[in-house]
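To start, the structure under review is shown below, and the notes come after it.
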Amino acid sequence: MATNLLFERADGVATITLNRPDKLNAFTVELHRELAAALDESERDATIRAVLLTGAGRGFCAGQDLAERAQTMANGPAAGGPVSGGSALETWYNPLIRRLRRLEKPVVCAVNGVAAGAGANLALACDIVLAARSASFIQAFCRIGLVPDAGGSYVLPRLVGLARASGLALLGNTLPAAQAAEWGLIWRVVDDAALMAEAKALARHLAQQPTRALALIKQALNASFANTLDQQLDLERDLQKEAASTADFREGVAAFLEKRPARFVGR
Ligand code: T3D
């Protein structure tokens, strides 16, 4: 049974809540294990058609648990995890970011409070990021002598451009949610009291959409930064061929012609 996160399914949405509020939901090996299991279940269960990720308490996620890391550095892996940052990335953070980007279901992130270090980049690996007005993003790595990880050095320049990415990564300043939205780092900022209701409504909406098409859209967007225009046009052709073969496409067209809401089944 998970003790470091909450997992709940309702209305086609798996809600995963990081649940170490006293430590701002910082990542221990145990939390990594439980998150991986929750994502396995979200992938496996065909009735889950969207994932909502958030944090308990006043923080979203403060990145790697530095107390755990200090312990493993002092005592070796037997103390509960990798000793070097590199092996922690290889074992936990890199697979986590890869699977979120490749997950064939949309992932909404509700950033309920501070998102620091790998916690910030975990949020940015999700498909649609909402943040509470009181939340903030900190590329905290440089404050402790590390480099941005969990995809930060990839996603930041792409989202906000090199000048802002450099400022964020080299200074480690706190970026308030409203400014993050203004810069295009996230989708929207929401009043604190409305965050979870809005995030749940968004996830429920996505869970009723043509799931296969949404997965193919993710695939197209994931590929677009590395592709030339010609490669991307070819990819769109191939993905569209698959989307057009789904029951949901037939339903979408029929619903349009019959002037009624579509009832998508996710296939
Ligand atoms: O080796 C590898 O694994 C490489 C991978 C690295 C990935 C990374 O994420 S590296 C970056 C690690 N994260 C940080 O450096 C952020 C550390 N936290 C902070 O700078 C601050 O906590 C915040 C700016 C995020 C929030 O500040 P504030 O003042 O609102 O809260 P606080 O008082 O600092 O924290 C509240 C509690 O959470 C406190 O515990 P206590 O003293 O009440 O028992 C604090 O120690 C704990 N906490 C916060 N962040 C972490 C943490 N405990 C362990 N690890 C943390 N990352």
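Computed from the coordinates by the stated procedures, all read-outs in this text should not be read as laboratory data. Owing to the predicted nature of the structure, the values given are computational and were not obtained by experimental measurement. No Cβ is skipped: glycine too gets one built from the backbone with ideal geometry, and neighbour counts run over all protein chains shown.
Here the peptides 103-115, 1-13 are ranked by packing, the mean other Cβ count within 10 Å, and the order with the highest first is 103-115, 1-13. Length available on full extension from Ala178 to Ile144: 0.36 nm per residue minus the Cα-Cα distance, which gives 9.7 nm.
If you take the charge dipole of the chain about its Cα centre, with +1 on Lys and Arg Cβ and -1 on Asp and Glu Cβ, which of Ile144, Leu257, Asn25 is farthest toward its positive end? Ranked along the dipole, the leading option is Leu257. A P(r) calculated from all alpha carbon pairs of the chain, with 10 Å bins opening at zero, reads 7, 28, 35, 22, 7, 1, 0 percent. Across the stretch 61-68, rounded Karplus estimates of 3J(HN,Hα) from the backbone phi angles (6.51 cos²θ - 1.76 cosθ + 1.60, θ = phi - 60°) give 6, 9, x, 4, 5, 6, 5, 4 Hz, Gly and Pro being marked x. In the stretch 27-76, a dipole from Cβ-located charges (positive for Lys and Arg, negative for Asp and Glu) runs towards its positive end, and of Thr47, Gln64, Ala37 it is Gln64 whose Cα lies farthest in that direction. The calculated FRET efficiency for Thr228 paired with Asp11, based on their beta-carbon distance and R0 = 51 Å, is about 0.80. Taking θ as phi - 60° and the Karplus parameters 6.51, -1.76 and 1.60, the scalar couplings of the stretch 223-231 work out to 7, 5, 6, 8, 9, 7, 4, 4, 5 Hz in sequence order, x denoting glycine and proline. Taking amide H positions as placed in the peptide plane 1.01 Å from N, state which residues far from Gly59 in sequence (5 or more) or on other chains have amide H under 5 Å from it. Long-range HN contacts for Gly59: none found.
With the cut-off at 17 Å, report for the stretch 111-259 the share of all Cα pairs above it, as a whole percent.
Working: 7479 of 11026 pairs.
The share of Cα pairs beyond 17 Å in the stretch 111-259 comes to 68 percent.
Placing a label point 7 Å from the Cα of Leu66 along the Cα-to-Cβ direction, the residues of the stretch 1-38 whose backbone N falls under 18 Å of that point are 21-29. Between the alpha-carbon centres of the stretch 94-152 and the stretch 15-37 there is a gap of 13 Å. I'd like the orientation of helix 162-171 relative to the chain: the angle between its Cα long axis and the longest Cα principal axis, in ° from 0 to 90, rounded to 10. Between the helix axis and the principal axis of the chain, the angle is about 30 degrees.
Quarter the surface of the alpha carbon convex hull of the stretch 204-267 and you get the mean projected area, 4.8 square nanometres. Label-to-label distance for Arg267 and Lys241 is 2.2 nm, based on points extended 7 Å past Cα in the beta-carbon direction.
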